[in-house]
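So the structure is just underneath, and the comments pick up after that.
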Amino acid sequence: MSFLDVQTQRATLTLAVVCGLAAMSLPAVSQAGNVGYFTCSFDPVGIPAAITAAGHTPVAVNSLDAASLAPLNGLVIACQSYTANPAVNNAVSNGMALFVEDRFVPSGIGASLPGSPALVVDTYTTSGSTYCPTNADLASGSPIASGPGGALTDSSLDNNGPACSPMGYATSASLPAGAVPLLTTGNANEVGAFGYTYGSGRVVFSISQYIYGNAYFPGAGTYFTNTIAWLV
């Protein structure tokens, strides 16, 4: 090998190392994905638009089985009362993001969520329908305060009609390890929505009825968009 060949080889290796280090230092770039939406008894008001605004492609899901979930990067479920689904749990464990908005939450709801967190809750359902607050606040440092949906404030999800906001809360002490509070009742220990990791995926659980949209909650669209963008 000639001297020139050696020098050329060294230059090529040096450039490869420099470029590799530079690539590692670049910030992660968000990638668009397929985000499904499934509703139990709600009209999916605003969910497809929120998924699009968050930079993803909305996909209507009619069945929560492994085949339907396989193409999805994320899934939004809005239900009256969410129950455990092994296919959903497995998909989250393998990397899918899951956003559950549950309206009527029983005391044992944790057993239905991925990872079965031992949540301690007080809700519209567990209190015998006497719990019905009229405002929801952002948790301190909430990552959904801003995003592609715009700015979310402490008044964005306040009740603007005959509805509760939120529909209940989980005590902060009962959240899964490393959970991120998103919304509270105004009391930092009463968390109305939070995110946590499970396996290779992430989960947001929201005790609310923001699916009814801006008619009752002026920031519902912003809430869904920012939460989906942060989660997926």
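The values are calculated or read from the model by the stated rules, or taken from the named source; none is laboratory data. Model, not experiment: these values are computed from the prediction. Every residue, glycine among them, receives a Cβ derived from its backbone with ideal geometry; neighbour counts consider all protein chains shown. Ligands, DNA and RNA are stripped out before the accessible areas are found, and what is left, the full protein with its side chains, is counted by its heavy atoms. Shrake-Rupley method; radii C 1.70, N 1.55, O 1.52, S 1.80 Å.
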query: Karplus couplings for region 184-192 from phi (6.51 cos²θ - 1.76 cosθ + 1.60, θ = phi - 60°), rounded to Hz, Gly and Pro as x?
result: 9, 8, x, 9, 4, 8, 10, 9, x
statement: Amide H neighbours of VAL120 at under 5 Å, excluding residues fewer than 5 places away on the same chain, with H built from the backbone geometry, are THR171, SER174
task: Just read off the accessible area of ASP137 with the full protein assembly in place, 1.4 Å probe, to the nearest 10 Å².
output: 40 Å²
Ordering of 185-197, 84-96 by packing [mean C-beta count within 10 Å, highest first]: 185-197, 84-96
- line: A student asked for the Cα radius of gyration and Dmax of region 27-133 in angstrom ought to give 14.9, 48
message: Skipping prolines and chain starts, which residues have an amide H placed within reach, meaning under 5 Å, of the one on SER146, given they are 5 or more residues away or on another chain?
response: LEU152
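Can you tally the net charge around LEU183? Count Lys and Arg as +1, Asp and Glu as -1, for every other residue whose Cβ sits under 11 Å from the Cβ of LEU183. Before the final figure, lay out each step's value.
Values: positive: none; negative: ASP137, ASP154, GLU190.
Every neighbour counted, the sum reads -3.
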query: Once phi is turned into θ = phi - 60°, what whole-Hz ³J(HN,Hα) does the Karplus curve with 6.51, -1.76 and 1.60 give for every residue of region 65-82, x standing for Gly and Pro?
result: 10, 4, 5, 6, 7, 4, x, 9, 8, x, 8, 10, 10, 10, 9, 6, 7, 6
